[in-house]
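What follows is a single structure, written as structure tokens, with notes after it.
The values are calculated or read from the model by the stated rules, or taken from the named source; none is laboratory data. Only a predicted model underlies this, so the values are computations on that prediction, with no experimental measurement involved. With ideal geometry, Cβ positions are generated from the backbone for all residues, glycine too; neighbour counts draw on all protein chains shown. The protein model used for the area step is the full one, side chains on, heavy atoms only, and it has no ligands, DNA or RNA in it. Shrake-Rupley method; radii C 1.70, N 1.55, O 1.52, S 1.80 Å.
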Amino acid sequence: TSFLRSTEGVGSRFAELSGQLNLVADETRQALESASGQLNTLTEQLSLVNQQLTKGTSEDSQPPELLDRRDLLLRQMSEYSRIKTSFTSNGMVSVSLGTTMKQSLVVDGIKSRPVGMDPNSNSKLERFFKSCFIID
């Protein structure tokens, strides 16, 4: 009887931990979705700035407030991820989230590419938790 009570206690503790881990996973997923949404807004705004920069032939001929807006957007994007940038002679910028400019290009001239999470993929963390606990 004592052994059964102990195992029931361990089982209920595992169920409690599973619930807490589910809560952490949900909060993390929501935070990542929010951050990717904010990053997507910034990339869209930067592509619009780039579109306005196409009117000039050199960076020196661009309106300073437009270049300031571009730089502010780049600074804000760098708060979410390490970015790599490549500038053209007229001040347009391409932005990559990868280790090179060819990987994970999110702004390419006047085009922006959205980032996000694949809801159908299992993260390594989720696979680990599922191997340890039953997570519904």
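Key figures
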read-out	value
Near pairs, Cβ below 8 angstrom, 6+ apart or cross-chain, from the range 43-62 (over 21 Å from P114 (Cβ atoms)) to any residue that is open to solvent by less than 60 Å² (accessible area, probe 1.4 Å) and basic (K, R)	L53/R70
Flag for R127 being open to solvent by 60 Å² or more (accessible area, probe 1.4 Å), at pLDDT 95 or above and of a type in the set (K, R)	no
So S94, is it modelled with pLDDT of 85 or more, assigned to a loop (DSSP other than H, G, I, E, B) and not β-branched (V, I, T)	no
So L4, is it open to solvent by less than 50 Å² (accessible area, probe 1.4 Å) and not in a loop (DSSP other than H, G, I, E, B)	no
L73 at pLDDT 90 or above and either under 30 Å from E16 (Cα atoms) or in contact with a helix residue (DSSP H, G or I) (Cβ under 8 Å, 6 or more places away or on another chain) (or both)	yes
Whichever residue in the range 14-54 is more than 30 Å from D68 (Cβ to Cβ) and of a type in the set (S, T, Y) and, among such residues, is least open to solvent (accessible area, probe 1.4 Å)	S18
Scope the range 68-88; condition within 11 Å of the chain's Cα centre (by Cα) and not hydroxyl-bearing (S, T, Y); matching residues	M77, E79, R82
Residue match in the range 22-40 (condition: under 11 Å from the mean Cα position of the chain (by Cα) and among the hydroxyl-bearing types (S, T, Y))	yes
Pair list, Cβ under 6 Å, 6 or more apart: the range 84-95 residue under 13 Å from Q51 (Cα atoms), other residue part of a strand (DSSP E or B) and open to solvent by 20 Å² or more (accessible area, probe 1.4 Å)	V93/T85; V93/F87; S94/S86; S94/D108
